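Here is the structure we will look at.
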4 protein chains.
Amino acid sequence: MRIGVLTGGGDCPGLNAVIRAVVRKGIEVHGWEVLGFRNGWLGPLEGLAKPIGLDDVEDILARGGTILGSSRTNPYKEENGPARIKAVLAEHGVDALVAIGGEDTLGVARRLTDEGVNVVGVPKTIDNDLAATDYTFGFDTAVHIATEAIDRLRTTAESHHRALVVEVMGRHAGWIALHSGLAGGANVILVPEKPFDVRRVVELVQRRFERQYAPIIVVAEGAMPADGAEVLQTGEKDAFGHVRLGGVGTWLADEIAHRTGKESRAVVLGHVQRGGTPTAYDRVLATRFGLHAVDAVHEGDFGVMVALRGTDIVRVKLAEATAELKTVPLARYAEAEVFFG
Amino acid sequence: MRIGVLTGGGDCPGLNAVIRAVVRKGIEVHGWEVLGFRNGWLGPLEGLAKPIGLDDVEDILARGGTILGSSRTNPYKEENGPARIKAVLAEHGVDALVAIGGEDTLGVARRLTDEGVNVVGVPKTIDNDLAATDYTFGFDTAVHIATEAIDRLRTTAESHHRALVVEVMGRHAGWIALHSGLAGGANVILVPEKPFDVRRVVELVQRRFERQYAPIIVVAEGAMPADGAEVLQTGEKDAFGHVRLGGVGTWLADEIAHRTGKESRAVVLGHVQRGGTPTAYDRVLATRFGLHAVDAVHEGDFGVMVALRGTDIVRVKLAEATAELKTVPLARYAEAEVFFG
Amino acid sequence: MRIGVLTGGGDCPGLNAVIRAVVRKGIEVHGWEVLGFRNGWLGPLEGLAKPIGLDDVEDILARGGTILGSSRTNPYKEENGPARIKAVLAEHGVDALVAIGGEDTLGVARRLTDEGVNVVGVPKTIDNDLAATDYTFGFDTAVHIATEAIDRLRTTAESHHRALVVEVMGRHAGWIALHSGLAGGANVILVPEKPFDVRRVVELVQRRFERQYAPIIVVAEGAMPADGAEVLQTGEKDAFGHVRLGGVGTWLADEIAHRTGKESRAVVLGHVQRGGTPTAYDRVLATRFGLHAVDAVHEGDFGVMVALRGTDIVRVKLAEATAELKTVPLARYAEAEVFFG
Amino acid sequence: MRIGVLTGGGDCPGLNAVIRAVVRKGIEVHGWEVLGFRNGWLGPLEGLAKPIGLDDVEDILARGGTILGSSRTNPYKEENGPARIKAVLAEHGVDALVAIGGEDTLGVARRLTDEGVNVVGVPKTIDNDLAATDYTFGFDTAVHIATEAIDRLRTTAESHHRALVVEVMGRHAGWIALHSGLAGGANVILVPEKPFDVRRVVELVQRRFERQYAPIIVVAEGAMPADGAEVLQTGEKDAFGHVRLGGVGTWLADEIAHRTGKESRAVVLGHVQRGGTPTAYDRVLATRFGLHAVDAVHEGDFGVMVALRGTDIVRVKLAEATAELKTVPLARYAEAEVFFG
């Protein structure tokens, strides 16, 4: 038996750990051959593949990135994409695919399944915003990095008597902001799930200053003011065609400065959150995902995605898995408000 | 209303995060007074208490240890212990207690509950061996530290062409060994749940050397050879009255050296695993435990312990909570064997 | 004898280590009393002082910030500033001052020395741009943090096929850019000492992409294009009154995107570089500075600053010490060019 | 022109950074070919060599170990060793060698130089005990790791009311103990340069306990009691043929326990100190060493070793360089005593 493996979408610590687990279990337990496809769906589309052996995965567990490369190629946007993929898989004698990726990558996996391709999905979203799984790998690493940054910023904020606004990832879900904000002891946390009242933020900031401390505000990049003020997001182009660094974070730092008369600065953590070596937590989760994906392949259980439920790895239908976004429940957010101000 | 809080047992990263959460929510949400009892159950036994305010917990979230001190004092081994505790609580006007600790501390909490004291427990075991909860705080930090060590040891093992045996915590349960071994890419993992055949370990070590790599063996301090060989444990006294450093780890390193003719060394991580700043994961978990303990107090739901189930914090009866040890299921251990050799 | 100690200027990891060393040696070796003045020169100006004992410095070695607080107050800009300081020192019976700070703080120290105040200076500049000393504490920590960030960004740049421009501190000297760029394996490093030709940068970026890698460009915030293009700096206000996040870094990322057609993003590390726990290197250096400052006080050698030369701590006249900026020599910069592209 | 490069002796973070710098500068600046010899002097002895190109060193800067492998082979102990080396170098057309290693490796380099082989040395000693250079790479990493461990142990010592003895590397010189002890705020530091009086250590430990803190004692593995008590060292075999884990550290922990009646434990950091990713400081130093070694080769200046003096890289004759051990001066040690107790 021969299986293929590919990684799609953006960088996420833990991808190599999944690949390693798939290769180890595929070869050592089942005696399969494992073919690595390059650059996401581009690989099976254009036949970019080569065998991966035990030595290839010997030293990759702790390394960021993906040894297979990645892309955002969608075969359903390419001429005869699905047909070409099936032809390539047939040509290479690939019996099943393990596709590691986010919403887009798994969406393709789901559609290919419907067309008879044997696919098992492994979910990857650094934002942790997938309803079907308790956690996804990469998230813990992002939270770890953001928390380390907040730890460091605290003394700087105090020394400079400044408000510091830390903008973290999270366009549609505030999990990174919530967890790193809780872990870093943020004095305000803002998430996309709950539009914020800038006056309330300013009150909390002022209360903090009055208590003789400097405030740290953690804001998800997708958080938005409730009054509908237009805020450019990080990565968007402004009126001059410049890629914007700092969206709601810089906007809020300005507002705080104007409304309090105190100095206020934004820190935008950006890409630092999604690269490099994964935490132990993410390595274990990614490894278990890889092992269980191989189990699904072995049992011929295709069209599914592995997922974490409690301490168990389970399988869910790809169709259900990609249907729903997991956002921060307002009750979870309310819990964190205890620490505001 | 006035509540008391105490921490018992050994060091565990996250204790201060629990205390902070209890104080913040108690004061900010409920307007309670919070009394900190010193040194575990010794505090309520001898009336060692003082109020904790918001400023006292301002800067403790990221700090190891416990601002309340700890001890292993068991009031049921002291004359009139329980009665004295009740008297002290009455004298200080304490309506309820939040007790943070392990098996012993929570066992006392359970018995005091039966005698009418209002207690809510927060579980603390760095070994993660409590059946009632998916995870306990401190565990992720221990795994993180052990994994960092294994990462570093890998290049040393290779450069010196040596087998390295890393002894980690875990007297009765192998969770730290399993997780750090998986995360660090260990070539053999040994846990108390499954007595090991030293010949099998040696085979794996030799296979590893034959593949031109150096083996890293992660062994829980409570792992034992299947043939019943007597192995002194770390911390026990040897025939000369010396406290032993390195039990099964040093024993195994010797065995490997003798049986393979290769150099072999033990590294005993020891106390490093249980101190210092908690990981972001542990800070969030500890914080949530503290918040939910306050909820239980607020609702008058005593004799319970907070616990993690999936992503939810739930409550379990103290009586059930402390009844069962959570060991590594053999199926979980078998998964890891894919990476051996 | 009674001495005072104060910290002025911006946050810099290691300040508390200096304070601790001064207190320990002052009390334990010489039996002095040590008075801590709050908030830089504001302390002796307004008599904000209290005794510091051994217990106060017990736990501060590893902590960022300064237990004394800081400010940018310049007594020479206050009415009768110097006279008021002398009066406060006399009133509190302070025989000598240890002043820890940067150019401004030490400039005041120098002028007060001329007026008969007994001052010993301890240099503090995170930018390492003081000619009189080989290194200053805080610099190694900043380089460490920037290097960790670059390590993480590398896999992200590769996975996203993007150029990443990392803007680090260094308005007048490029030491942090040079060292973190070398340590992180940057593909281009730009420093204030050498205006850069943007076409040359683009060539190197393109060469890098042609080699199938993604380029990382490390740029000091004070680096400037050679053609005199106007670039707003981080922290300056733009035409709309908004505080700018990202100066030359965002500008350059835009230029690279426009000129290469490749995606390009800026990451601005900002305040993260100057806060939090110091590296071991900085703790040792700061500690030794503190110890030697006490020696100078003990010997009555005032108007001097401690400095590192090789592995020795020496003293230099404050007048000379603050005269000259230490910039990156072009030969040192040229060395690094070996790694460009 | 063609040069060879090799690495000898034990693991030391920074080896790959030297190799990378040699390869980059050799190829990019001088257009040389670079040949990597495997496993120290075994490589040129047995002709184990292959070309190293830019791609081979692309990703190694941050990685521990050495891509060339290492060994302790001494060609002067092999039959016709030096002659065989000369023959291999001639056969491969190697004009000059860059030899990276410690005392033994550089001793061979010196003797080969006398026999007409063109060698430039790069010093490598994690113990920092080479008189000819201010610092060697690997040392800062070792100190960093030991300091992190001490930071963590502090809260554990306090929580458990125990004395903790931390045994660090340093058989002949106490640099790692001194620096990590200073950086970690150790309460006693013991070095090989000054035999210690165990009663004095016990006094300091007791003083510490009386101050209501728990003592941390950092001891170099080569430190010895002044009364001549025999202490087995880590790595030596005991009477039963077992490799000893913990020498003076475990011995001292026992002594403290017996003499104070307090609990006392040893932690032996061991191999963790010498592997894994180097600190930024070590990466920069190792890189500069590599660059300057190439300069020496380019200028035909053989029989020398690169060394750090202040902030400059200089060259010293191999003959002088390896002559003298750099131990901790007693005055430096005395400075640290301020923090004892």
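The values are calculated or read from the model by the stated rules, or taken from the named source; none is laboratory data. Keep in mind the model is a prediction, meaning the values are calculated, not measured. Counting neighbours? That spans all protein chains shown, and the Cβs are built from the backbone with ideal geometry, glycine included. All accessible areas refer to the heavy atoms of the entire protein, side chains included, with ligands and DNA or RNA removed. Shrake-Rupley method; radii C 1.70, N 1.55, O 1.52, S 1.80 Å.
Taking every residue in C:178-185 and counting other chain Cβ atoms within 10 Å of its Cβ, the average works out to 6.
A convex hull fitted to the Cα coordinates of region B:116-157 yields 78 cubic angstrom per residue.
P(r) tail, region C:140-275: Cα-Cα pairs separated by more than 27 Å, 13% of all pairs.
Between helix D:81-91 and chain D there is an angle of about 50 degrees, using the helix long axis and the longest principal axis of the Cα atoms.
Note: the protein assembly as shown, Cα convex hull, 175 Å³ per residue.
Given DSSP loops and a limit of at most 11 other Cβ atoms within 10 Å, what is the longest stretch of chain D that contains no such GluC sites (Glu not before Pro)?
The answer is D:116-229.
Return the single residue from B:GLY69, B:GLY300, B:GLY247 with maximal mean-square fluctuation; model: Gaussian network over chain B, springs between Cα atoms under 10 Å. Per the Cα network of chain B with a 10 Å cutoff, B:GLY300 tops the list.
A:ALA131 sits among other residues whose Cβ lies under 13 Å from its own Cβ, and their net charge, with Lys and Arg +1 and Asp and Glu -1, is -3.
Projecting 7 Å from Cα along the Cα-to-Cβ direction, the label point of D:ASP55 sits 1.6, 6.4, 6.6 nm from its equivalents in the other copies, listed shortest first.
For the cross-link pairs A:LYS25/D:LYS237; C:LYS25/C:LYS86; B:LYS326/D:LYS262; C:LYS25/C:LYS50; C:LYS124/D:LYS124, the ones whose C-alpha atoms lie over 29 Å apart are A:LYS25/D:LYS237; B:LYS326/D:LYS262; C:LYS124/D:LYS124. Near A:LEU318, once Lys and Arg are set to +1 and Asp and Glu to -1 for all other residues with Cβ below 14 Å from its Cβ, the sum equals -2. Annotation: aspartates and glutamates with alpha-carbon distance below 17 angstrom to C:LYS194 (same-chain offsets under eight excluded): C:ASP127, C:ASP129, C:GLU167, C:GLU221, C:ASP227, C:GLU230, C:GLU335, C:GLU337.
Helix A:103-114 axis versus longest C-alpha principal axis of chain A: approximately 30°, rounded to the nearest ten. Binning the alpha carbon pair distances of region D:199-341 at 10 angstrom intervals from zero yields the distribution 9, 24, 27, 22, 14, 4, 0, expressed in whole percent. What FRET efficiency comes out for the pair A:ALA229/D:ASP59, r = Cβ-Cβ distance, R0 = 56 Å, nearest 0.05? Once rounded, the FRET efficiency stands at 0.80. For chain C, averaging the sequence separation of C-alpha pairs within contact (under 8 Å, six or more residues apart) and dividing by the residue count gives a relative contact order of 22 percent. At q = 0.16, 0.17, 0.23 Å⁻¹, what log₁₀ I(q)/I(0) does a Debye calculation on the Cα points of region C:260-341 give, no solvent, two decimals? Taken in order of the listed q values, log10 I(q)/I(0) reads -0.94, -1.00, -1.17. With label points set 7 Å from Cα along Cα→Cβ, the inter-copy distances at D:GLY261 are 5.5, 6.3, 8.3 nm, sorted shortest first. Rounded to the nearest 100, the interface formed by chains B and D buries 3200 square angstrom of accessible surface, both chains summed, with a 1.4 Å probe. Computed over Cα pairs, the Kirkwood radius of chain D leads via Stokes-Einstein (1.002 mPa s, 20 °C) to a diffusion coefficient of 102 µm² per second.
The chain A residue nearest the rotation axis shared with chain B, using its Cβ and rounding the distance to whole Å, is A:GLY310, 2. Taking every C-alpha pair closer than 8 Å and separated by at least 6 residues, the mean separation divided by the residue count of region D:139-275 gives a relative contact order of 31 percent.
Ligands, DNA and RNA left out, the 1.4 Å accessible surface of the protein assembly as shown is 46% carbon and sulfur atoms. Label points for B:HIS172 are taken 7 Å from Cα along Cα→Cβ. From this copy to the others they lie 4.6, 5.0, 6.4 nm apart, shortest first. The angle between the Cα long axis of helix D:175-184 and the main principal axis of chain D comes to about 50°, on a 0 to 90 degree scale.
The residues neighbouring D:ASP151, those whose beta-carbon lies less than 12 Å from its own, together hold a net charge of +3 under the Lys/Arg +1, Asp/Glu -1 convention.
Connecting C-alpha atoms closer than 10 Å in a GNM of chain D, tell me which of D:THR234, D:THR311, D:THR250 has the biggest fluctuation. The residue with the greatest mean-square fluctuation here is D:THR311.
Jot down the per residue volume, in cubic angstrom and as a whole number, of the convex hull over the alpha-carbon atoms of region C:1-95.
Hull volume over Cα atoms, normalised by residue count, gives 75 Å³.
Given that compact globular proteins tend to follow 2.2 N^0.38 Å, what is the ratio of the alpha-carbon Rg of region A:175-227 to that value? List each step's numbers first, then the result.
Numbers: Rg = 11.0 Å, N = 53, 2.2 N^0.38 = 9.9 Å.
Against the empirical 2.2 N^0.38 Å value, I get 1.11 for region A:175-227.
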